[in-house]
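The values are calculated or read from the model by the stated rules, or taken from the named source; none is laboratory data. Quick caveat, the model's predicted, so the values are computed rather than measured. When we count neighbours, we look across all protein chains shown, and the Cβ atoms used for this are built from the backbone with ideal geometry, even at glycine. The protein model used for the area step is the full one, side chains on, heavy atoms only, and it has no ligands, DNA or RNA in it. Shrake-Rupley method; radii C 1.70, N 1.55, O 1.52, S 1.80 Å.
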Amino acid sequence: YRAYLDLQENVPVKYLIADDGNKKGIKYKVIIVAGYHIILKCIVEYLLDATKVLQGTGTASAATVLRVLARYDDPDLAGQCTDNAGDCWTMAEHLAKKFVCYIAVGCVLHIMQLIVITACIHAYGDDYGFGVNTALRMVFYVNYIQTYFKTQWDAFRASNAEAQACGIVPLGSKGRWWSLTVALALIITHRTILIWFLQIVVGLKLAGSANNMKMAKECLGWLTNNKLMCDMIFIHCFNTVWWNPLMAWLHGVDEWQHNLDPPQQKGGYRCAAFVFKLYLVMNQLCSLDPDTHPGFKEWRDFMSAHLTPEEQAVEKKQGAKFLEIAQDMAKKHWGRWYKELLPCFLGRYQYETEVVAFLAESLLALLDDEPMPTIPEEMVQVTILGEVVQLGDLRTQLLQFVSREPGLLLEKSVIVMDPEKLEIVRIVAEVRFDMAAVMTPRQRAAAEKFILMCRTVIDGKPLHSQTAERKVNQLNPLAHKGDKNQGGDLMGAKVVNSAVYALERSEAAWDVSNEKALEDSILAANESLEPFKVREEAKTKPSESWIRPGQPIRRQLHRRRNKKVFKAQMELFLKRTEQANERDFQKAFDQWRAKVQANGASRKHVYAVEVASNLDLEGMMQERNLDAESFKVWTPSDATPFLPVPPGFWNLDGKKTSAMSAKQATGGDLTVEVLVLECEARPAMTKLRRA
């Protein structure tokens with residue numbers, strides 16, 4: 001009730017932040033409403049709903065959100081920030097039909113992850129499985145080896161002071177922001193320690209079984225492979241030069257939050273600055289040259305010292321392909337920042353006043369079908385976000401889409417699509433956004449509205465969904481192990497697992513489902529539903545369902561089409577998950593948290609303080625007349641990290657092209673089409689793993 005009153009009275013512009021998380025087979029949904037609080041003068045985030053739900057479509061998600069908002073007297077929403085899944089954009093399309101000026105933002109952190117992961121896969125390969133390896137698979141494999149042989153690892157670190165520098169490498173994940181870059185850096189830094197450890201495991205036959213020994217030998221072979229290490233060093237250099245600094249910036253705050261108390265500062269609300277930041281980072285990305293850039297010196301030195309001329313030629317082609325795909329992904333997913341999100345740059349009127357005034361004047365000229373203003377001599381070079389740029393190039397890139405289609409922003413955009421807000425911008429543009437130059441009552445009234453509009457519409461708009469992502473992880477009672485990335489999020493405040501409204505949301509999803517529509521049509525024809533009910537069936541028995549005739553149905557994934565049975569199944573689902581989660585998992589988590597806090601460690605270091613082990617490595621070596629130092633000596637392996645896939649998957653000399661939804665590039669070279677690498681006869685993942 002307090003949240004409802006505060007939202008209605010003090011947060012005039014509200015945004016939806018939502019995230020679904022499938023944690024250990026249990027589906028969680030978090031719904032947050034955020035915005036600028038006009039009394040507290042800071043960002044507030046209200047968790048409206050968080051509990052277990054059944055997986056649904058984008059249509060079902062929209063119905064769920066609307067049902068939750070109904071509890072708070074249906075507050076208006078100005079947009080959303082979610083990940084880039086298709087269901088999320090479908091949800092945005094449905095919500096845009098209800099709310100005026102509803103603008104969706106794809107979470108920039110998800111996009112950052114897509115950039116590096118997609119580039120890594122296309123240049124070096126995916127994490128396929130046993131027998132083959134890639135740079136991406138190593139960030140999973142090393143963590144798996146360390147945790148699988150944890151007794152041996154603890155004993156190794158306890159008996160060797162040099163090994164204390166290396167703890168458990170965080171699990172490199174395709175969906176966790178920092179884990180991939182951290183894992184790569186640690187594996188490269190502690191490569192010799194990891195090789196030393198695995199040589200001891202193999203030499204002393206500590207693996208425990210033939211399969212485990214095979215696994216240890218394989219990981220050792222890949223760690224000693226210079227070509228694979230060179231691949232990892234290139235990705236690490238790219239992260240250090242471009243990805244890491246931008247990722248840190250996206251988690252920061254803009255100048256207007258600097259004077260707030262730390263608890264009131266909220267990261268991820270930088271829409272005003274991101275329009276300019278995107279121009280800077282895209283130019284940097286498109287101009288990266290690994291052959292000359294100082295940040296890639298480690299890669300060049302390692303390549304020249306350890307790879308053959310043939311391997312160096314392939315390595316350079318793979319590096320070029322990595323950067324090419326990274327640019328394409330960034331252009332594709334960030335194109336909307338130069339379209340419907342472009343007017344967010346108006347929020348920088350306090351810091352780059354002259355630049356904002358000139359760009360706004362140019363934008364209004366395009367909207368009015370008038371010639372754009374000429375660039376004054378004193379403004380040929382300007383400063384944005386602390387960097388000097390050419391104003392002409394800045395205007396050309398920011399307005400590239402609007403120049404080709406002037407009515408683009410009038411149809412759908414922040415601020416500009418609203419005639420009243422656009423008129424306010426026009427009035428403030430008369431004084432070139434200098435609030436000290438406001439003279440007339442008309443200008444004074446417009447200036448007050450413009451300042452409030454910038455705070456509520458632009459500064460209060462989230463550009464990533466990290467807060468919802470963390471709430472999903474806080475809900476997960478299974479994320480309590482030190483080697484799991486989700487564990488760190490549980491060190492904060494807990495979110496109570498409440499299933500009070502779960503049935504309500506399941507009904508909302510049912511109301512918009514295809515099954516409900518079919519059932520209604522059957523009832524409208526005065527037909528009985530009995531012949532159409534899906535019955536419980538064995539795993540191997542062909543289904544007689546009218547939904548999937550002849551297809552086998554897995555009993556545990558089966559969902560009935562009858563509404564009453566659907567409700568009953570939902571209740572059983574909740575009871576089953578509640579019984580499986582609460583007491584045991586909470587007890588285990590409390591014990592783990594106490595252990596971490598007692599040692600003053602974070603979740604990344606939880607294993608680093610547990611080196612005591614009953615395994616006496618020194619005694620075993622003395623019995624066999626072996627010296628620990630002898631295991632430090634190793635020779636590079638000649639195994640190839642290339643995957644046995646059909647020709648054409650890594651076509652490093654060229655690629656097929658296909659136009660994407662955004663026809664032209666955003667940033668960088670304005671004439672470059674947005675392209676993607678297409679795979680020729682790429683085998684299905686499951687078939688490749690079976691092979």
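Some points to look at:
- Here the simple spin-label model places points 7 Å from the Cα toward Cβ, and for TYR144 and GLU45 these points are separated by 3.3 nm.
- Distant-in-sequence amide contacts of GLY268, defined by a placed amide H-H separation under 5 Å and a gap of 5 or more residues or a different chain, comprise GLY252.
- The stretch 139-269, Rg to Rh (Cα coordinates; Rh as Kirkwood inverse mean 1/r): 1.11
- Per residue Cα convex hull volume in Å³ - calculated over the stretch 196-259: 147
- Over 22 Å apart at the Cα level, from the set LYS339/LYS421; LYS97/LYS277; LYS41/LYS98; LYS266/LYS471; LYS97/LYS412, are LYS97/LYS277; LYS41/LYS98.
- In plain terms, the bigger the Kirkwood radius, the slower the diffusion; for the stretch 144-207, with that radius from Cα pairs, at 10 °C and 1.306 mPa s, Stokes-Einstein puts D at 128 µm²/s.
- Value in Å of the Kirkwood radius, where the stretch 180-222 supplies the Cα pairs that are averaged: 10.9
- Rough spin-label spacing in nm, given labels placed 7 Å along Cα→Cβ, for ARG442 and THR374: 2.9
- Distance-filtered residues of the stretch 402-443 - backbone nitrogen under 13 Å, label point 7 angstrom along ALA365 Cα→Cβ: 403
- Calculated accessible area for the stretch 355-441 comes out at 50 Å² per residue, all protein chains present (probe 1.4 Å; ligands, DNA, RNA ignored).
- Quarter of Cα convex hull surface for the stretch 61-176, i.e. mean projection, nm²: 11.7
- Long-range HN-HN contacts of CYS42 with modeled amide H, under 5 Å: HIS37
- Hydrodynamic analysis of the stretch 372-455 uses the Kirkwood radius over alpha carbon pairs. Inserted into Stokes-Einstein at 4 °C and 1.567 mPa s, it gives a translational diffusion coefficient of 87 µm²/s.
- Histogrammed with a bin width of 10 Å, the alpha carbon distances of the stretch 76-136 distribute as 21, 32, 23, 16, 8, 1 percent, first bin at zero.
- Accessible surface for LYS412 stands near 100 Å², nearest 10, in the context of the full protein assembly shown (1.4 Å probe).
- Exposure of GLU430 as accessible area (Å², to 10), given a probe of 1.4 Å and all protein chains: 100
- Exposure ranking of THR396, THR635 by accessible area [1.4 Å probe, largest first]: THR635, THR396
- At R0 = 51 Å, FRET efficiency that the Cβ-Cβ distance of ASP627 and THR308 yields, to 0.05: 0.95
- Taking the average, over residues, of other Cβ atoms within 10 Å as the packing measure, peptides 366-374, 462-470 rank 462-470, 366-374 from highest down.
- What the Cβ-Cβ distance of ALA161 and ARG191 gives, at R0 = 25 Å and to the nearest 0.05, is a FRET efficiency of 0.85.
- The packing ranking, built from the mean of other Cβ atoms within 10 Å per residue, places the peptides 186-192, 333-339 in the order 333-339, 186-192, highest first.
- Rounded if a/c under 1.5, otherwise prolate or oblate - the stretch 301-359, Cα gyration tensor axes: prolate
- Projected area, mean over directions - the stretch 308-442, Cα convex hull, nm²: 11.2
- Unit Cα scatterers, Debye sum, the stretch 240-353: log10 I(q)/I(0) for q = 0.10, 0.16, 0.20, 0.23 Å⁻¹: -0.44, -0.86, -1.11, -1.32
- A cut-off of 5 Å between modelled amide H atoms, ignoring neighbours fewer than 5 places along the same chain, links LEU48 with ILE31, ILE32, VAL33.
- ALA85 versus ILE38: modelled label distance in nm, points set 7 Å from Cα along the beta carbon direction: 3.6
- With DNA, RNA and ligands ignored, accessible area of ASP301 (1.4 Å probe; Å², nearest 10): 70
- Surface share of carbon and sulfur [accessible, 1.4 angstrom probe, percent] for the stretch 179-282: 55
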